[in-house]
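Below is one structure, written out as structure tokens; the observations come after it.
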Amino acid sequence: MEQLIYLDGNLVERDQAKLSVYDHGLLYGDGVFEGIRAYHGRVFRLDQHIKRLIRSARAIMLDIPLSHEELVEATVETCRANDIRDGYIRLVVTRGVGDLGLDPRKCSDPSVFIIAANIQLYPKELYETGLPLITCSTRRNSPASLDPGIKSLNYLNNILAKIECIQADVEEGIMLTNGGMVSECTGDNIFVVSDGELVTPPVEAGILDGITRTAVIECAQAEGITVSERMFPITEVYTADECFLTGTAAELVPVVRVDGRSIGDGKPGETTRRLLNRFRDLTESEGTPIYD
Ligand code: PXG
């Protein structure tokens, strides 16, 4: 079956889904996006994703030509058109076509496109064996320069850190704030478990306010686990009992080594396992239905 892409109000075939080389999304990374999951025919936390998209757009003074409800409808419609039950959805709003200068006022027509694809799941073993990480030397953007809370099309900060990970032959890496404290990873939020308590950097640290992060905090509270959102240095990761990452694609993935040091006993921990199970229960039980 041909893949159908939502592009500015129409469902078009993948080969026809094209934007101008003058689109400022391409020329300047001037735009915003979301990565969303569908599980069992339902879109997980769609309202929260759309809210974050609208907040990101407002932060860069980008007027999305669709309302919250219309964005929900377009997303669900794109999933339906592609027969998606379990999948990955990319929702993108670009500034639109302008001239070769930066001025966003020259771009009168933002573009909205939605790709709903079957998901390339992480290998199952990953959840049994856990990931090794490095600490990247590329610091996370300072909120005073480019707020990491804005999920913009300008991902070079993360890509530079990702290149360090690739060179070190690991999947993910920890990015520090300009002040040298732990912020997040290149495409995931980070948690540590110490003495049975969960700790994660606060949104004010300059991180993406992850939808999975919020869901996991709720799971922890339901499990009676104390959660602290506070700044911590990399040493607190080294000395933690457990560490894991959260993200739409990764869900919860255990971390077993950081900078060559074993975390806890070097195996995925019990608290991580409990939270992953709870999180998976959530993805099985809630979401915006795609089909009647
Ligand atoms: N931090 C950053 C910097 C992210 O990009 C997360 C945390 C997790 O947020 P959610 O809302 O997904 O729980 C992200 C998620 C990729 C990829 O290919 C990752 C993300 C977006 C698109 C692609 O790894 N971001």
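Does segment 177-192 hold any residues that are away from the ligand (no atom under 12 Å from the Cβ) and either out of contact with any helix residue (DSSP H, G or I) (no Cβ under 6 Å at 6 or more places or on another chain) or closer than 17 Å to Glu164 by Cβ (or both), and which are they? Full working, then the answer.
Taking segment 177-192 first, the residues away from the ligand (no atom under 12 Å from the Cβ) are 177-182, 192.
Scanning segment 177-192 gives Thr177, Asn178, Gly179, Gly180, Met181, Val182.
Please pick out the residue among Ala17, Ala38 that is closer than 15 Å to Asp83 by Cβ and modelled with pLDDT of 95 or more. Quick ask: steps written out before the conclusion?
Working: Ala17 fails: closer than 15 Å to Asp83 by Cβ.
Sole residue among the options that is closer than 15 Å to Asp83 by Cβ and modelled with pLDDT of 95 or more: Ala38.
Scan segment 35-52 residue by residue and report those that are in contact with a strand residue (DSSP E or B) (Cβ under 8 Å, 6 or more places away or on another chain) and more than 11 Å from the ligand (Cβ to nearest atom).
Ala38, Gly41, Arg42, Val43, Leu46, Asp47, Ile50 - these are the residues of segment 35-52 that are in contact with a strand residue (DSSP E or B) (Cβ under 8 Å, 6 or more places away or on another chain) and more than 11 Å from the ligand (Cβ to nearest atom).
For segment 130-182, how many residues meet the condition of being closer than 18 Å to Met231 by Cα and out of contact with any Asp or Glu (no Cβ under 9 Å at 6 or more places or on another chain)?
Total meeting the criteria: 10.
Just one of Ile190, Ile211, Ile159, Ile163 is over 30 Å from Asp47 (Cα atoms), at pLDDT 95 or above and β-branched (Val, Ile, Thr); which is it?
When all the criteria are applied, what remains is Ile163.
Considering each of Glu251, Glu236 in turn, give the residue that is within 17 Å of Val182 (Cβ to Cβ) and charged (D, E, K, R).
So the residue among Glu251, Glu236 that is within 17 Å of Val182 (Cβ to Cβ) and charged (D, E, K, R) is Glu236.
Quick test for you: out of Cys165, Cys219, pick the one residue that is part of a helix (DSSP H, G or I) and within 12 Å of the ligand (Cβ to nearest atom).
Cys165
Test of understanding: among Thr272, Thr288, Thr248, Thr283, which residue is touching a residue at least 40 places away in the same chain (Cβ under 8 Å), surrounded by 15 or more Cβ atoms within 10 Å (Cβ to Cβ) and under 30 Å from Leu146 (Cα atoms)?
Thr248
So if I check each of Met61, Met1, which one is surrounded by fewer than 21 Cβ atoms within 10 Å (Cβ to Cβ) and under 22 Å from the mean Cα position of the chain (by Cα)?
After ruling out the rest, the residue left standing is Met61.
Among the residues of segment 96-117, are any at pLDDT below 95 and either surrounded by fewer than 14 Cβ atoms within 10 Å (Cβ to Cβ) or of a type in the set (S, T, N, Q) (or both)?
yes
Counting only residues that are in contact with a Ser or Thr (Cβ under 8 Å, 6 or more places away or on another chain) and either not in a helix (DSSP H, G or I) or not basic (Lys, Arg) (or both), how many does segment 201-214 have?
As a first pass, look at segment 201-214 and keep what is in contact with a Ser or Thr (Cβ under 8 Å, 6 or more places away or on another chain): 201, 205-207, 210-213.
Cutting the leftovers down to either not in a helix (DSSP H, G or I) or not basic (Lys, Arg) (or both) gives us 201, 205-207, 210-212.
The qualifying residues number 7.
Considering each residue of segment 150-162, count those that are within 11 Å of the ligand (Cβ to nearest atom) and either without any contact (Cβ under 8 Å) to a residue 40 or more places away in the chain or not basic (Lys, Arg) (or both), and give that number.
Looking only at that region, the number is 9.
Quick one: is Thr226 of a type in the set (S, T, N, Q), surrounded by 15 or more Cβ atoms within 10 Å (Cβ to Cβ) and in contact with a Leu (Cβ under 8 Å, 6 or more places away or on another chain)? Step through it out loud before you land on a result.
Numbers: of a type in the set (S, T, N, Q): yes; surrounded by 15 or more Cβ atoms within 10 Å (Cβ to Cβ): no; in contact with a Leu (Cβ under 8 Å, 6 or more places away or on another chain): yes.
For Thr226, the condition - of a type in the set (S, T, N, Q), surrounded by 15 or more Cβ atoms within 10 Å (Cβ to Cβ) and in contact with a Leu (Cβ under 8 Å, 6 or more places away or on another chain) - is not met.
If the requirement is being under 14 Å from Leu91 (Cα atoms), in the same structural domain as Asp99 (by TED's automatic domain parsing) and basic (Lys, Arg), which of these qualifies: Lys18, Lys51?
Going through Lys18, Lys51 in turn, just one is under 14 Å from Leu91 (Cα atoms), in the same structural domain as Asp99 (by TED's automatic domain parsing) and basic (Lys, Arg): Lys51.
Determine which member of the set Thr200, Thr271 is within 16 Å of the ligand (Cβ to nearest atom) and assigned by TED's automatic domain parsing to the domain that holds Leu156.
Answer to the selection: Thr200.
The values are calculated or read from the model by the stated rules, or taken from the named source; none is laboratory data. Here the structure is a predicted model, which means the values were calculated and not measured. Quick reminder, even Gly has a Cβ in these numbers, built from the backbone with ideal geometry, and neighbours come from all protein chains shown.
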